[in-house]
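Read the structure below first, then the notes.
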Amino acid sequence: MPLWTVPDESGARAPARSGGLFHVVKPMHKAASAVSETKLPCPSRPLAVDVRDVSLTFETADGKVEALSRVNLPIAEGEFVSFIGPSGCGKTTLLRLIADLEQPTAGMLRVNGVSAGQARLARAYGYIFQAPALYPWRTIEKNVMLPLEVMGFSASERRERAKRYLALVNLSGFERKFPWQLSGGMQQRASIARALSFDPALLLMDEPFGALDEIVRDHLNEQLLRLWDQTGKTVIFVTHSIPEAVFLSTKIVVMSPRPGRIIDVIDCDFPRARTLEIRETSQFVKIAQRVRMGLRSGHSYDE
């Protein structure tokens, strides 16, 4: 069942917390064995996501699997944060914890000042999967309107919102098309419009462009940045691509192999209005190299 078909309930919204929290970061050194812990202050803006000492262990037929270990991460409102790390490191698991699709075995997690469960019931976020997950028997317009139908919006409001958000992702004129009549990139843009249709404060994106070719992926990266700038939403983005993480993000979270830990948190101080040409700059190359070093260090640390 789609994520947004939750009961029509809402949790009490409390002011998001800021200040007072420190998260552990392992800075990169030339020798991987020299990794040490340091502390960085929280963002000064209100927190959209507040992860404190979160761990998750799965019970399987073969025994316990430790997926995440003592993760601490504050994410301020309006940030674009990318999670990057090797396959199986817990990137998607951490995203699912924020979405209340999994529950931690230890620690505390708050979304917009309330529990992850309350945030889900209040529909505080939209979730965009690796595949577009559009219903092939519904038109693009009706796919976008589906969560609005579930939430009880009027027919006129559903049509108005679908029109607005399809225009925002440059799909005006494709309302009556079916998913199979669109390219993969266009289908993914339709899924983004669907996630935006009920105006959530937070977008959770799980490798949404991973299956697309490089040219389409670059184009959608630029479109996503413009959409983020126009809406001002908080975006949490899972990726395996270093250039994609550096190009999109205000902050990159580098994770170790399982059990997932945060090795480094890297600020990307590029202007919000950036183009692909920024990838040729020395600052971009420097940040990409730091991410690469973090990934290598994480593997060494795990051994």
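The values are calculated or read from the model by the stated rules, or taken from the named source; none is laboratory data. No experiment lies behind these values; they were computed from the predicted model shown. Ideal geometry is used to build each Cβ from the backbone, glycine not excepted, and the neighbour counts take in all protein chains shown.
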(request) Mind checking which strands (runs of 3 or more DSSP E) fall wholly inside the range 33-108 and carry at least 2 residues that are modelled with pLDDT of 95 or more and surrounded by 18 or more Cβ atoms within 10 Å (Cβ to Cβ)? (result) 47-60, 63-76, 80-84
(message) Being acidic (Asp, Glu) and closer than 30 Å to residue 182 by Cα is the filter here; which residues of the range 94-148 pass it?
(response) 141
(request) Check whether at least one residue in the range 266-280 is at pLDDT 90 or above and either assigned to a strand (DSSP E or B) or closer than 30 Å to residue 57 by Cα (or both), and report yes or no. (result) yes
(request) Name, by its number, the condition in (1) surrounded by fewer than 19 Cβ atoms within 10 Å (Cβ to Cβ); (2) over 30 Å from residue 70 (Cα atoms); (3) under 18 Å from the mean Cα position of the chain (by Cα) that does not hold for residue 117. (result) (2)
(message) What's the total number of residues in the range 137-152 that are free of Cβ contacts under 8 Å to residues at least 40 places away in the same chain and either part of a loop (DSSP other than H, G, I, E, B) or β-branched (Val, Ile, Thr) (or both)?
(response) 1
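Table: residues versus (1) more than 14 Å from the chain's Cα centre (by Cα); (2) under 14 Å from residue 78 (Cα atoms).
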site	(1), (2)
209	no, no
213	yes, no
219	yes, no
229	yes, yes
232	yes, yes
245	no, no
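Which residue out of 162, 167, 131 is within 25 Å of the chain's Cα centre (by Cα) and within 30 Å of residue 50 (Cα to Cα)? Even if it seems obvious, please write down each step before you answer.
On the way: 162 fails: within 30 Å of residue 50 (Cα to Cα); 167 fails: within 30 Å of residue 50 (Cα to Cα).
Going through 162, 167, 131 in turn, just one is within 25 Å of the chain's Cα centre (by Cα) and within 30 Å of residue 50 (Cα to Cα): 131.
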